[in-house]
Amino acid sequence: MRLIIISLSALFISLMLMNAGNAFLLTYLGIRLGAEGVPPTQVGFVMVCYAIGFVVGSHWCTNLVAKVGHIRTFAALTSLSAMASISYPLLESVYFWAVLRFVGGITAAGLFVIIESWFSAVATNNNRSTLFALYQVAAYGASTSAQLTVGYTDPLSAVPFTGAGLILLAAIIPLSLSRMQSPVIEQGPKMSLLSLYREAPLGLTCAFTSGILLGAYYSMVPLFGSLTGMSVKEVSQLMTASVLMAVLLAWPVGWICDRIQRSKVLLTVLLFATLLSCGVALTVKMAFPIRLTLSALLLGLMSLIYSMGVALANDRISSSARVAASSALMLSYGIGSIIGPVAGSMVMEAFTPATMFIGFAILLVSLASYVRYRQNRMPPLPVTAQEHYVASMPESQLSNEFDPRYEVESESSIEDIFPDEWVEAWGEDGKREEEPEPAAVSANIEVGGEMIGMEQQPYLQQEEQASLTEIEISPHPDTGDASSPAEKPQS
């Protein structure tokens, strides 16, 4: 474990900087567009381009990394992302900003692919759970810090865009100075959405619905806050509290899911989320602490839907098909995240900003009704037959190979990725863990007529001399006579 922390320090720092820059831009853009009076539908159009780019980049960037290499691709994509960030003030056009968001989505997906491939290369069945937990802590911690800093910015200034670009550029430094080798990117198995729906319809539906809800929340809630009288600092605090609540609720609900039938837990979560969504819509005129608490609890509960969907799908699918099923679930989530900002912005513009949360409530009730339908159609599995619950973060996780649920061994080892850091971190202990030298390099093995290895010692030469003596005194094959060189001829 100590080796992982030491060797992957550069990787964790780059992950946090990259995630912080993207999270900062996501929140700040909603506030900036709201301050400029841009209609909600146009804001949704700009925001959805990020989701589209993210889905496209998650499939396209894998081939790019395989051709160019990890560090070069990481540097290129990070530079491109920073260039897009500092280009927003150049032209006040919704279409121009939409293109920049699309570029940002592609680069973000590519950066996650690269970072997660390094994590996957060093993930084993022994350290996978710890590595996955550290990854979540780093990603959520960076996102929370970035959300908080938005409150100290000027919504009409160009400085925040420059600051986000500098943060993204800083992500290049740790990986560029490290001595990590590029791991092998393996193409994972695929499963169609139709095949997954036949095997686990409830899991796929949960992933799709979660994409709609979370996509709309992250993209449109900053605008909702601005339109309903919140200051920039209050919007920043609301988003920070929401992300923190998603982290805090993950463990206790996961603990409950391993001890109670998951469909019942999911139904309870959906009903509570419905009440909270209605509460957010009805408390627009109330004090900020009340609005903050209700909104944070709402996101915390909605963020559980995807993880529960993955768990329900794994309960119904064989272990050999779970990696392919997880990729299909992420694709379903991505499609939902494209629909969410567009639908949310249309509802906000057609009615009032608070109506978006009424739409959330309708969607949550619809999913709860479907859960109840599936419970009657197919009885839930007993608790003893359920797979272990693991919290998922689909907005920043593209790889499944280091997920604790999937015991997949990578072709690369940590010694291959960090050849120099291995010895520096462990010293002589690392050398003792190395495989023994092949027998062909020992001192008394002859290969190709020549002696390989150390110089012969005197006692080895004596043994060879004795062997030659035995050969010379052995009986002749024809006469059977033997002569000893030690005997002198009789005079």
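How big is the equivalent ellipsoid of region 187-400 along its three axes, where each semi-axis is √(5λ) from the Cα gyration tensor, reported in whole Å from largest to smallest?
After diagonalising the Cα gyration tensor, the semi-axes are 30, 17, 16 Å.
Net charge in the neighbourhood of Leu267 (other residues with Cβ under 11 Å of its Cβ; Lys, Arg +1, Asp, Glu -1) is +4. Potential lengthening of the chain between Thr268 and Thr283 amounts to 3.1 nm, from the contour at 0.36 nm per residue minus the alpha-carbon distance.
Take the Cα of Lys233, step 7 Å toward its Cβ, do the same at Ala35, and the gap between the two points is 1.4 nm.
Would you mind calculating the gained length between Ala158 and Ile290 on full extension (0.36 nm times residue separation, minus the Cα-Cα distance), in nm to one decimal?
Extra length from Ala158 to Ile290 when fully extended: 44.3 nm.
Distance from the Cα centre of region 325-395 to that of region 1-79, in angstrom? Answer, in whole Å: 24. A dipole drawn for region 187-400 from +1 and -1 charges on Cβ atoms has a positive end, and of Ala368, Ser392, Val221 the residue lying farthest that way is Ala368. A full extension of the chain between Val94 and Ser366 corresponds to an added length of 94.6 nm, given 0.36 nm per residue minus the alpha carbon distance.
Treat every Asp and Glu Cβ in region 187-400 as -1 and every Lys and Arg Cβ as +1, leave all other atoms uncharged, and give the resulting dipole magnitude about the Cα centre to the nearest 20 debye. Please list the in-between numbers first.
Numbers: 13 positive and 7 negative charges, 78 e Å.
The calculation lands at about 380 debye.
Each reported figure results from applying straightforward, stated rules to the coordinates on display, with no laboratory input. If you're wondering where the values come from, they're calculated on a predicted model, not measured in any experiment. As a convention, Cβ positions derive from the backbone with ideal geometry for all residues, glycine included, and neighbour counts pool all protein chains shown.
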